[in-house]
1. Taking 25 Å as R0, compute the FRET efficiency from the Cβ-Cβ separation of A:Leu25 and A:Glu317 and round it to 0.05.
2. Can you find, among A:Leu246, A:Leu186, A:Ile209, the residue farthest towards the positive end of the dipole of region A:125-254? Put +1 on the C-beta of Lys and Arg, -1 on that of Asp and Glu.
3. Express as a percent, rounded to the nearest 5, the fraction of DSSP beta bridges in chain A (both residues included) that run antiparallel.
4. Mind checking the alpha-carbon convex hull of region B:122-254 and giving the volume per residue in Å³?
5. Rg/Rh for region B:1-69: what does it come to with C-alpha atoms and Rh from Kirkwood?
6. Charges only on Cβ, +1 for Lys and Arg, -1 for Asp and Glu: so what's the dipole of chain A about the Cα centre, in debye to the nearest 20?
7. Rounded to whole Å and sorted largest first, what semi-axes of the equivalent ellipsoid does the C-alpha gyration tensor of region B:168-215 yield via the square root of 5 times each eigenvalue?
8. With +1 assigned to the C-beta of every Lys and Arg and -1 to the C-beta of every Asp and Glu, and no other charges, what is the dipole magnitude of region A:125-254 about the Cα centre in debye, to the nearest 20?
2 protein chains.
Amino acid sequence: MKAIQLNNPEDPRSLALVETDTPKLRDGEVLVKVHAAGVNRGDLLQARGHYPPPPGASDIIGLECSGVIEDPGTTGRTIGEEVACLLAGGGYAEYVAVPEGQLMPIPEGYSLTEAASVVEAACTVWSNLGMLAGVQEGQTVLIHGGAGGIGTFAIQLCKQLGATVAVTAGSAEKLETCRELGADILINYREQDFSEELKGRCDVILDIIGAKYLRQNLRSLAADGQLIIIGLQGGVKTEINLGALLPRRLSVRGTTLRARSLAGKAEVVASTVEHVWPMLSDARITHHIHATLPLADAAKAHDLLDSGAVTGKIVLEV
Amino acid sequence: MKAIQLNNPEDPRSLALVETDTPKLRDGEVLVKVHAAGVNRGDLLQARGHYPPPPGASDIIGLECSGVIEDPGTTGRTIGEEVACLLAGGGYAEYVAVPEGQLMPIPEGYSLTEAASVVEAACTVWSNLGMLAGVQEGQTVLIHGGAGGIGTFAIQLCKQLGATVAVTAGSAEKLETCRELGADILINYREQDFSEELKGRCDVILDIIGAKYLRQNLRSLAADGQLIIIGLQGGVKTEINLGALLPRRLSVRGTTLRARSLAGKAEVVASTVEHVWPMLSDARITHHIHATLPLADAAKAHDLLDSGAVTGKIVLEV
């Protein structure tokens, strides 16, 4: 089969379409003929050598895809069934082996390409804000990077859950995108200290920055507030004042989807399909594809996402 | 009424029994004639000026007591009813005003003095390990300061919940006490690095140290592990490596009971009576009073607790 391969570990853009072996199925996996694969920030990190696949996963880049079941393996699935897939890796390829627990139906009314663009964001946002934080009506949620792939999804989900949504973004244009999706409090992080605006008000914060924002995030939390860190774009190490946690009973949690066990991923996938898929089908949550490129143009897709100018999703089509 | 007063803010042992006003009841409070008051580490901190009472609370020291209802105020309680009380302050006195939600029955078979010795530990341990962490059968729980008032209670509760219990303490004698209470893994922190012994194994850690142990605590946690910090005896500020949190989905939470709202305290008290009081009544959890002193000897009681030589509880009798 054809797949994207990193030719030179020193050059994160050396992504070439090469001939390689079709994956062999393990027990409980199906072989999916890939139609489209979503591009994620984790893919950029992996190309830079910073986000290695978990043990046993494909070393081909790609955390989500859609396609058609080519070989059901030992599962009871049907050849030709259309599926969306959460992947530990392997999406940038003609074929990928997927544990059955990570297969999702195509949301009603979605094309295969559209389906490939929502899996990772939906599972990440729901597992953190729905399953973990349990966001509820009347709460205030702060979403950093509101205009990104995770952010745009998170804004809409939180509005559906009845929360007040605050966002940070780096331009008036991006903040306008957030406002259109329902965000209530718009903060340009280049001009304002978000913790000044939100001091003591946030029940939940979904953070992609890490170290650089820790102090301000803690300052922004209300009593029983939860800081959930899913990205470390602003570094990993910093000072923490534990004295700030106790009186308000604050919690700091870090998560990644990719490192979860098979059972953990299956649980996230099932819960996401149950709770989020209906919101996609009736467009309570909308998606936005910024650009669709052929699989061979993976390097160009990474350039585009890295530019920071993207609002919405980039998808590679096989 | 008579109550303990800190005469000199510069001297934490200037605790004198003085004449002062009997507390006035607010709506929903009862007046309790105190029989006995438990001595807690928070009391020592308050005498040093480090743990001020929350707004609206008595500035008299004392976080738990037992006694008899003298005036039911606007509640439907009965004069003469024996109660144990969780307090935001005011226990070192002849009378204390207590919100009705913080009244508990005397555990079956307990004397009033014994009841005064278990309230704070029971509510602290249950609210953190039961309500918050949800400790379950088969999990491994690390309890720092296993031989202290919180530690001895936590060991027994965790064993009742079916957990494997690891403890740290500073002497072979204290570790033997922990072992007798059911602790499975005994670590002398003066001789061993607990994180070497427990690396990646703990589902829950109940910590009273804070900054000094943060790195080792995170190292000791298993996937989805929860670090719950309830004391800061080892300082408040330190470096945190957030990169350690994400792949294992670790959480760090700080809590205090005292800063909770009235509704929050009432919730903790009701849940503790429901889940823990039966374990006290049939002695699945036992208590140990190290010493009983008259109220006038509060300074001596603080000396004793500060000495670090105490295993079990110190109680002041009025």
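1. Values: r = 24 Å, r/R0 = 0.96.
So the FRET efficiency works out to roughly 0.55.
2. With unit charges placed on the Cβ atoms, the residue in question is A:Leu246.
3. On the way: 27 of 53 bridges.
The antiparallel fraction comes to roughly 50 percent.
4. Hull volume normalised by residue count: 91 Å³.
5. On the way: Rg = 12.6 Å, Rh = 13.2 Å.
Here Rg/Rh amounts to 0.95.
6. On the way: 27 positive and 38 negative charges, 218 e Å.
Dipole of chain A, to the nearest 20 debye: 1040 debye.
7. Numbers: eigenvalues 66, 32, 23 Å².
Ellipsoid semi-axes (Å, largest first): 18, 13, 11.
8. Values: 13 positive and 13 negative charges, 82 e Å.
In debye, rounded to 20, region A:125-254 gives about 400.
The values are calculated or read from the model by the stated rules, or taken from the named source; none is laboratory data. Everything numeric here is computed off the predicted structure, so don't read it as measured data. Cβ sites come from the backbone with ideal geometry, for glycine too, and all protein chains shown count toward neighbours. Side chains included, ligands, DNA and RNA excluded: accessible areas come from the protein's heavy atoms. Shrake-Rupley method; radii C 1.70, N 1.55, O 1.52, S 1.80 Å.
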